[in-house]
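Heads up, the thing below is written out as structure tokens.
The values are calculated or read from the model by the stated rules, or taken from the named source; none is laboratory data. What you see is a predicted model; the values in this text were computed from it and never measured. Every residue, glycine among them, receives a Cβ derived from its backbone with ideal geometry; neighbour counts consider all protein chains shown. The protein model used for the area step is the full one, side chains on, heavy atoms only, and it has no ligands, DNA or RNA in it. Shrake-Rupley method; radii C 1.70, N 1.55, O 1.52, S 1.80 Å.
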Amino acid sequence: MPRCEDVLVEEHLRELAARLQGPARLKSDLLTEARHGLLDAVDAYREDGVPPTEAQRRAVAEFGSPAQLLPSWQAELAVAALRGLSLRMLAVAGVLVVAGDLTWRGASWSDGPHPPAVYLLLSTSVNWIWGGALLLAVAGLLVVAASARSPWPGLAMAQRAVGAGLTGILVLGMLAGTALFAWSLGLWDAALSWPPMIIGAVLVGGAYFSLARAARGWLLAAAR
């Protein structure tokens, strides 16, 4: 718990917190660990007879400036953000690839007019887009696992490449999926009252929102 007399320590931690971007839980853990280390150092100096304010100043100076600490901390947060984005994409893309066609099965309009060739091409493209997203998500998790075991600088470039790929394919998948849904409603009026379509639209909309938040979090963390 913060101590009201440790003003310099808390100011240092607030500055670090303001400049960090990434998953809230990991960010909180990093700052909590930093607070414990700083307060332990302050207590050690005070036990040696150093005045309270000077003890804080020395502890903060020894701990490191934001310029010294932020690069490694921010890199850790960026990796965690990529892990979160990859996991969400793996779950969503996996469901969309496996269950996407279930929305149409048993539809009352399935025996109606055959859809245009361009519509069928768009439908196939949506499946391929989410299949590619699934592979990219696996690649992201592999890069994250490799980053935890090796400090090789090339892995940082791989993280950015995979993260950018996941973000780009998410945008493409959202645009193509929304266009396909809107076109379906235009082709078959009954689609709007078909329960699987309604449920699927709600679930996919929630999945898009979750993925968009994860992608935004990664972009903010990687841009620092």
Can Ala78 be described as farther than 22 Å from Gly140 by Cβ, among the hydrophobic types (A, V, I, L, M, F, W, C), modelled with pLDDT of 90 or more and buried (at least 19 other Cβ atoms within 10 Å of the Cβ)? no
Of the residues that make up the range 44-56, is at least one open to solvent by 30 Å² or more (accessible area, probe 1.4 Å), more than 30 Å from Pro153 (Cβ to Cβ) and under 24 Å from the mean Cα position of the chain (by Cα)? no
Is there any pair linking a residue in the range 199-221 that is surrounded by 15 or more Cβ atoms within 10 Å (Cβ to Cβ) to one that is modelled with pLDDT under 90, with Cβ under 7 Å and at least six apart or on different chains, and which? Gly200/Thr103; Ala201/Phe181
At least 1 residues that are of a type in the set (Phe, Trp, Tyr) and at negative phi in each: list the helices (runs of 4 or more DSSP H) lying fully within the range 1-91 that qualify. 24-47, 52-63
All but one of (1) in contact (Cβ under 8 Å) with a residue 24 or more places away in the chain; (2) open to solvent by 30 Å² or more (accessible area, probe 1.4 Å) hold for Gly186; state the number of the condition that does not hold. (1)
Those residues of the range 57-103 that are more than 15 Å from Gln159 (Cβ to Cβ) and of a type in the set (Asp, Glu) come to a total of 2
Which residue, of Glu62, Glu10, is closer than 26 Å to Leu220 by Cα and in contact with a helix residue (DSSP H, G or I) (Cβ under 9 Å, 6 or more places away or on another chain)? Glu10
If Gly140 satisfies every condition in (1) closer than 13 Å to Ala222 by Cβ; (2) over 16 Å from the mean Cα position of the chain (by Cα) but one, which is the exception? (2)
